1. Please work out which residue is surrounded by the most Cβ atoms within 10 Å (Cβ to Cβ), limiting yourself to the stretch B:237-256 and to residues that are in a helix (DSSP H, G or I), in contact (Cβ under 8 Å) with a residue 12 or more places away in the chain and out of contact with any helix residue (DSSP H, G or I) (no Cβ under 8 Å at 6 or more places or on another chain).
2. Given the conditions (1) without any contact (Cβ under 8 Å) to a residue 60 or more places away in the chain; (2) crowded, with 16+ Cβ neighbours inside 10 Å; (3) of a type in the set (Gly, Ala, Ser), and given that B:GLY141 satisfies all but one, which numbered condition is not satisfied?
3. Kindly indicate the residue of the stretch B:169-208 that is more than 15 Å from the chain's Cα centre (by Cα) and among the β-branched types (Val, Ile, Thr) and also most open to solvent (accessible area, probe 1.4 Å) among those meeting that condition.
4. Give the residue that is farthest from the other protein chains (Cβ to nearest Cβ), with candidates limited to residues of the stretch B:91-103 that are free of Cβ contacts under 8 Å to residues at least 60 places away in the same chain and open to solvent by 40 Å² or more (accessible area, probe 1.4 Å).
5. What residue, of B:GLY212, B:GLY170, B:GLY192, is over 30 Å from A:ARG138 (Cβ atoms) and in contact (Cβ under 8 Å) with a residue 40 or more places away in the chain?
6. Can you list the helices (runs of 4 or more DSSP H) found entirely within the stretch B:113-220 that contain at least 1 residues being away from chain A (no Cβ under 14 Å) and not small (Gly, Ala, Ser)?
7. Can you tell me which of (1) in contact (Cβ under 8 Å) with a residue 40 or more places away in the chain; (2) touching a Ser or Thr at 6+ places or on another chain (Cβ under 9 Å); (3) among the small types (Gly, Ala, Ser) is the one A:GLY46 doesn't meet?
8. Just checking, which of A:TYR199, A:TYR172 is of a type in the set (Ser, Thr, Tyr) and open to solvent by 10 Å² or more (accessible area, probe 1.4 Å)?
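The values are calculated or read from the model by the stated rules, or taken from the named source; none is laboratory data. Quick caveat: nothing in here was measured; it's all calculated off a predicted structure. Reconstructed Cβ throughout: ideal geometry from the backbone, glycine too, with neighbour counts over all protein chains shown. Just the protein is used for accessible areas: all its heavy atoms, side chains included, with ligands, DNA and RNA removed. Shrake-Rupley method; radii C 1.70, N 1.55, O 1.52, S 1.80 Å.
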Amino acid sequence: MKNGRLFTRRNLLLAGAAAAGGLLWGRWSNTNVELPPTYGHILRMGDNLTYAAHRLLLPGQSMVREYRRCDISSFPVIFLDDRFLKPDHPMNNNQFRAWQANGFADWPGLRVEGLVARPRTYSLAELKRFRSRTQITRHTCEEGWSAIGEWTGVPLWRVLEEDVGLLPEARYVTFYCTDDYDDSIDMLDALHPQTLLAYGMNGRDLSVPHGAPVRLRVETQMGYKSMKYVDRIEVTSELDDGGENGNIQNGWSWYAGI
Amino acid sequence: MKTEVSERPDQTETMGHPAWVRVCHWLVALSFLALTFSGYVILMCHPRLYWGEVGNELTPALLELPISETHQHGEWGPRTPFTEDPAGPVSAVRNAVTFNENSWARSLHFLAAWFLVVGGSVYLLAAFLTGHFRNLWPSAGELSLGQFWREVIDHLRLRIRPATGGPQYGLLQKCAYCVVVFVAMPLIVLTGLAMSPTITAAIPMLGSLFGGFQSARTIHFFAAVALVLFLLVHVVMVVKSGFKCQMRAMTLWRKP
């Protein structure tokens, strides 16, 4: 201590920084958050910094804003590439068209498996038997546009916690979709009260362009995490980044809360 | 020809800026360049600006920027109304592959934003603790419309005071720095955060503060335009006032 005082400005700053660091470290140890792989890519390290900061600094499952019915807006559908237009694509083949024509009554259903006590497959009618939730929320696309829609479906926590039962090691939920897309979210977002398996939109049955028979709504993240045409859900203890088909190896952030 | 410039109380040469100012300056400058570049690429993906919460290609835009091929492409499927009301909200399918480099552009934008926020926060904290803001804040005596006007005329005629390598600053210079430090930079960070679904869920006030997601995006854009204009003028002023002296003062100049 150069000037013989204990409470110098510098000492106070250092003490404050150390105390904040200690508090954050304690919280980090309790959050059970594991960072997704970066493959040595600096942009993925930045994504992980954002993910860690959100989980560390923000309160857990805050509710996103819900709107009034009169706020419901026009809603574009983005077909990401022309593979959807090919006749043999799962979304365009005769099998899918037959399910669609029959109101998805013969649809093989949504399989829920992995680290759950009672894995099972739900038909659309069985999903509709759960107590539903309807919410009017904003869809925010990474492209820069936004739209407000009303979604009706079963909260994912109801299926996972009340019906199939999560095993203690369960930490991630991966969604596999009929259009070959798959992606995952962590348990904090999976058990968020507004995370839905949606089968209704704007008071009607969900249409095929918007993801029928069942799509995910993850309201706390960008639109690309709200996957359409979900047909299998797997609960895991480790993050499955989808390998070469997954977002991370294709240059996208796995976490899209910003 | 001798140029006339307004007199300054202290004409003694300083030894450049404090080390923390230099580090923060370049940290913020480099991250700002990365943010401008990646922000432009992100905007190219959807070069339409709106007001309120909602805005997409099926709703009217406030402003449409002709900066990419995605601008006004017409490959949309038929419009299907959601309700019985044909004038109500509609859905339509986009059948075109549009320009989208947001995978790396968004991640670069957010990574650079971390550096901007860290550099900016260290600067604000250090400036507050050391009383550095005294150099930026116009004093009551010098803040007059007449002086402001004289300096505007001087700057427009490119009669720029020779550099001293740090404060004292002129009135117009102080005003410009104050707008950047206290208005534009905080505004661009807050509007950026106001576009995050997770952050606005945790801090709902941030979501409504700017009038909605699309309003925040529009304000974010105009704040960026203002900062780019500042940067251009700033660089011209650095060159006109004595490039070598100014660069040394902000980099490796030491006390003799």
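1. Residue satisfying both the conditions and the ranking: B:ALA249.
2. Failing condition for B:GLY141: (2).
3. Here the answer is B:ILE203.
4. The selected residue is B:PHE99.
5. Answer to the check: B:GLY170.
6. Qualifying helices (runs of 4 or more DSSP H): B:133-136, B:145-156, B:171-178, B:185-193.
7. Here A:GLY46 clears every test but (1).
8. Just a single option satisfies the conditions, and that option is A:TYR199.
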